[in-house]
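Just below is one structure, and these are the notes that go with it.
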Amino acid sequence: MNLPEIEIVRADFSLPKHRAALVELMDVYARDRMGGGAPLNAEVASKIADELLSRPNCHAILAFVDSVSAGMSINFEVFSTFACSPILNIHDFAVMPQFRRQGVAKLMLQEVEAIGVELNCCKLTLEVLEGNELAQGIYKRFGFSGYGHDPQMGRAMFYEKKLAGV
């Protein structure tokens, strides 16, 4: 029995194969309950690769299993004022359902960490839904945990405010 070939690459959205993989993976992610449960907006699908390509702080990773799109990690470099050094934030992270539990997520996280080290980041950050226990387990096994500065103040929480026109 041949083991599948897992390839982890740093995305180059000027390449048609990477552009197509991004849109396919984003659509599958968007349709999943964890991504909102609706198809990727057509306008977003038509612009996402160019928009990410134009952002020098974007460090994206794609995974392919036997040359089939299997996963993505869209990461952005931000800045920690307290540490006075960069942070690499994992903004979107998804593995196609048929490739889960095959080591794809672990290999992508290893590549994200390698990028963080290359950028001299002080930490990696991400957000995960409370109900996404599978992802939480992966992240915890990889060394992620909730954070806070003072145990009496509790752990950090994630909030959002949608802006008009976006």
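The values are calculated or read from the model by the stated rules, or taken from the named source; none is laboratory data. From a predicted model like this one, the values you see are computed outputs, not experimental measurements. Quick reminder, even Gly has a Cβ in these numbers, built from the backbone with ideal geometry, and neighbours come from all protein chains shown. These accessible areas exclude ligands, DNA and RNA; they are computed on the full protein's heavy atoms, side chains included. Shrake-Rupley method; radii C 1.70, N 1.55, O 1.52, S 1.80 Å.
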Report summary line: Taking 0.36 nm per residue of separation between residue 150 and residue 123 and subtracting their Cα-Cα distance, the length gained on full extension comes to 7.9 nm
Query raised in the report: What is the chain's relative contact order, in percent, from Cα pairs under 8 angstrom and six or more apart in sequence?
Result: 18
Report summary line: Restricted to the chain, the DSSP antiparallel beta bridge percent, nearest 5, is 85
Query raised in the report: Once Rh is set to the Kirkwood radius over Cα pairs, what Stokes-Einstein translational diffusion coefficient, in µm²/s, holds for the range 120-166 at a temperature of 37 °C and a viscosity of 0.692 mPa s?
Result: 250
Requested in this report: Specify the inter-centroid distance of the range 1-51 and the range 82-146, based on alpha-carbon positions, in whole Å.
Outcome: 17
Query raised in the report: Can you give the helix-only mean residue ellipticity at 222 nm for the chain, where every DSSP H stretch with n ≥ 4 adds -39500 (n - 2.57) and the sum goes over all residues, rounded to the nearest 500 deg cm²/dmol?
Result: -10000 deg cm²/dmol
Query raised in the report: Between residue 91 and residue 68, what FRET efficiency follows from the Cβ-Cβ distance if R0 is 22 Å, with the result rounded to 0.05?
Result: 0.40
Query raised in the report: If R0 is 25 Å, what FRET efficiency do you get for residue 113 and residue 164 from their C-beta distance, rounded to 0.05?
Result: 0.10
Report task. Can you bin the range 1-63 into rounded, prolate or oblate? Criterion: square roots of the alpha carbon gyration tensor eigenvalues sorted a ≥ b ≥ c, rounded for a/c under 1.5, prolate for a/b above b/c, oblate for the rest. Result -> oblate
Query raised in the report: Among all stretches of the chain without exposed chymotrypsin sites (Phe, Trp or Tyr not before Pro) (DSSP loop, at most 12 other Cβ atoms within 10 Å), which one is longest?
Result: 1-81
**Report entry** Size of the range 64-126 as Cα extents on the principal axes (Å, biggest first)
**Finding:** 41, 17, 17
**Report entry** Surface share of carbon and sulfur [accessible, 1.4 angstrom probe, percent] for the chain
**Finding:** 54
Report summary line: Which of 106/162; 17/106; 140/161; 17/140 exceed 29 Å between C-alpha atoms? The answer is 106/162; 17/140
**Report entry** Per residue accessible area of the chain, 1.4 Å probe, in Å²
**Finding:** 66
Query - Most fluctuating residue given options 96, 26, 153, as computed from a GNM of the chain linking Cα atoms under 10 Å - result: 153
Report task. Would you work out the charge dipole size for the chain about its Cα centre, treating the Cβ of every Lys and Arg as +1 and the Cβ of every Asp and Glu as -1, and quote it to the nearest 20 debye? Result -> 280
Query raised in the report: Using alpha carbons only, how many degrees (0 to 90, rounded to 10) separate the axis of helix 16-31 from the longest principal axis of the chain?
Result: 60
Requested in this report: Compute the normalised compactness of the chain: alpha-carbon radius of gyration over 2.2 N^0.38 Å, N being the residue count.
Outcome: 1.07
